[in-house]
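Notes for the one structure printed next.
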Amino acid sequence: MRISIYAAGLLAAACVAVLGGCKPADDAPHAAAHAAVLPKPAVVQVAQVVTPSAPASPALTPAAQVGAKLFFDPSLSGSGKMSCATCHDPNHAYAPANNLSVQLGGKDGKQPGTRAVPTLMYKEYTNAYSDTFENPDMISAPGPGGGLTWDGRANTIAEQAAIPLLAPNEMAADSKAAVVDAVRRGVHAEAFRQAYGANVFDDTERAFSLVGAALQAFQVEDRSFHPYSSKFDRYRTNKVGGALTDAELRGLRVFLDPNKGNCMACHLIGGGNDGSQDMTSDYSFAAIGVPRNREIPANADPKYFDLGLCGPLRTDHRPGRDKGAKETCGMFKTPVLRNVATRQAFMHNGVFHALEDVVRFYNTRDTAPQTWYPSDGKGRVNKYDDLPAQYRANLDEQMPLDQRRAGSKTPMTDAETQDLIAFLKTLTDGFVPPANAAQPANTVANAAAEFAAEHGAHAVKSK
Ligand code: HEC
Ligand code: HEC
């Protein structure tokens, strides 16, 4: 993520391969398969609602089937009222249905969280966290990357499940044993035994980790978590209905252009790890200095700072104690942008509630900081008010957040930000093309070639 990549070249290379094996879409067999392979009820509901145009999941393994049940099961929580789906709602791209910055949980359902709830979609290619993660762009130097949650502190989706199950302000189960007990006494006990063996409940520690394994199997196997049914996917695979409008196409170029949006330097489009494509994250971490969110109760304490990689939730990069920790303060994981237009709270602290504000923030954080940060009364803007001064050297300096002077020209014009938003909306799954839709006239290969002709392949200076 340090160095902007040869955007056009990469995109072109990715697409030649795609286009080579490409046929026009034919959704009829998918629709038939959808009807024929209907899995268990919870899964059916998920698949139908979230991804109307996606193919059905192939039959889920027994682990994933019981995982689906546990995902919607409130009996695992301390209150008996909260399930994973309470915060990760399948009708909202597995993010919250409301627009709160942080959700309320705990035994009484009133304990506020400290972070916005991410989508659970397109997490299946997330590798374990590493301080020296190989960036999938294959150009950036290794750096912090991978892992689940905003600070990457869970290495696998399975491991991650333990966090909400036991957090006092989330599902608030008393202990691992309480969770295992709930499964043993609950209606899914038999399914759990079928998946993991008749004696699975004998070893509490193991059974608890298998609850996580089942939840992971569901999230990895069920197509509702990765349907690849957005307009952008149609465009990338040259399918009927995938023709982007002129505005969307201009927005894509702004996204790719190292001198404008440069979004793709972190929100990777193109080949990712393990054969993935267009995940819209390179899983790197960056400090971009988002404003402090005063709606979060924890922030009432002026000494409290959520510093991402260096804590307090993550505890293995403590400044002054762990080597290299100070350099990681303020860094959060680059989120996946698929389905981002459906979100109602953005950034790790949910400080923004409209996609338009996020894009405006990227464009004017430096040119008009007073728009985003409070002033001290003497007319001085307290820029980066959620990152203590000693960590501001960690701020990323790539476009569009290159720390240009206040009052100078913005990286993007207003029209370009509108185009960019139009493009981001093409990343929403469940796209239903209009009747008689044509095949894309502008294929990605064309766009990339055009882009390369205009700009040449060039890298932006690293920090
Ligand atoms: C009270 C709301 C709430 C509940 C209930 C909840 N989560 Fe989450 N989930 C969150 C928040 C907040 C985060 C971000 C946590 C962080 O960054 O520290 C998150 C993050 C995640 C992530 C990581 C996603 C990413 O982008 O890295 C996964 C996976 C996940 N949750 C799965 C689950 C599962 C499985 C359950 C049920 C066992 C569950 N969650 C229950 C709020 C919730
Ligand atoms: C230097 C890497 C980098 C660049 C360049 C970058 N982003 Fe981000 N993006 C991030 C990180 C890191 C976050 C999370 C920051 C946080 O929560 O503190 C983020 C968050 C977001 C979010 C919020 C998503 C959510 O689920 O809350 C959106 C939307 C977004 N970026 C869009 C863009 C767009 C559009 C561009 C180009 C104009 C862009 N980003 C450029 C790294 C980057």
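The values are calculated or read from the model by the stated rules, or taken from the named source; none is laboratory data. Since the structure is predicted, the reported quantities are computational estimates derived from the model, not experimental observations. Neighbour counts are summed over all protein chains in view; Cβ atoms, including those assigned to glycine, are modelled from backbone coordinates with ideal geometry.
If we keep just the residues of segment 348-371 that are out of contact with any strand residue (DSSP E or B) (no Cβ under 8 Å at 6 or more places or on another chain) and closer than 30 Å to Ser130 by Cβ, which is nearest to ligand 2 (Cβ to nearest atom)? Restricting to residues being out of contact with any strand residue (DSSP E or B) (no Cβ under 8 Å at 6 or more places or on another chain) and closer than 30 Å to Ser130 by Cβ, the top hit is Tyr362.
Scanning segment 312-335 for residues that are within 13 Å of ligand 1 (Cβ to nearest atom) and touching a Pro at 6+ places or on another chain (Cβ under 8 Å) yields Met331, Pro335. With the condition kept exactly as written, say whether any residue in segment 313-336 is of a type in the set (Asp, Glu), within 22 Å of Ala265 (Cβ to Cβ) and surrounded by fewer than 21 Cβ atoms within 10 Å (Cβ to Cβ). Yes, because at least one residue in segment 313-336 is of a type in the set (Asp, Glu), within 22 Å of Ala265 (Cβ to Cβ) and surrounded by fewer than 21 Cβ atoms within 10 Å (Cβ to Cβ). Within segment 346-377, being under 22 Å from Val102 (Cβ atoms) and assigned to a helix (DSSP H, G or I) holds for Leu355, Glu356, Asp357, Val358, Phe361. Reported count of residues in segment 400-421, each being assigned to a loop (DSSP other than H, G, I, E, B), touching a residue at least 24 places away in the same chain (Cβ under 8 Å) and surrounded by fewer than 20 Cβ atoms within 10 Å (Cβ to Cβ), is 9. Within segment 234-248, if we keep just the residues that are in a helix (DSSP H, G or I) and crowded, with 21+ Cβ neighbours inside 10 Å, the residue that is farthest from ligand 2 (Cβ to nearest atom) turns out to be Arg234. You will find that of Pro319, Pro291, Pro312, the residue that is modelled with pLDDT of 95 or more and closer than 24 Å to Met412 by Cβ is Pro291 and no other. Being closer than 18 Å to Asn349 by Cβ and either free of Cβ contacts under 8 Å to residues at least 24 places away in the same chain or within 15 Å of ligand 1 (Cβ to nearest atom) (or both): is that true of Ala287 here? The answer is no for Ala287.
Per the listing Tyr129, Tyr122, the residue uniquely surrounded by 21 or more Cβ atoms within 10 Å (Cβ to Cβ), within 14 Å of ligand 2 (Cβ to nearest atom), within 22 Å of Leu337 (Cα to Cα) and not assigned by TED's automatic domain parsing to the domain that holds Val220 is Tyr122.
Scanning segment 126-139 for residues that are within 16 Å of ligand 1 (Cβ to nearest atom) and farther than 23 Å from Asn262 by Cα yields a count of 4. Taking the criterion of being in contact with a Phe, Trp or Tyr (Cβ under 6 Å, 6 or more places away or on another chain) and more than 18 Å from Ser276 (Cβ to Cβ), the only residue of segment 113-127 that qualifies is Arg115. Restricting attention to segment 78-104 and to residues that are within 15 Å of ligand 2 (Cβ to nearest atom) and among the hydroxyl-bearing types (Ser, Thr, Tyr), the residue that is surrounded by the fewest Cβ atoms within 10 Å (Cβ to Cβ) turns out to be Ser101.
Count of segment 263-309 residues, restricted to those that are touching a Pro at 6+ places or on another chain (Cβ under 6 Å) and either at positive phi or assigned to a helix (DSSP H, G or I) (or both), is 2.
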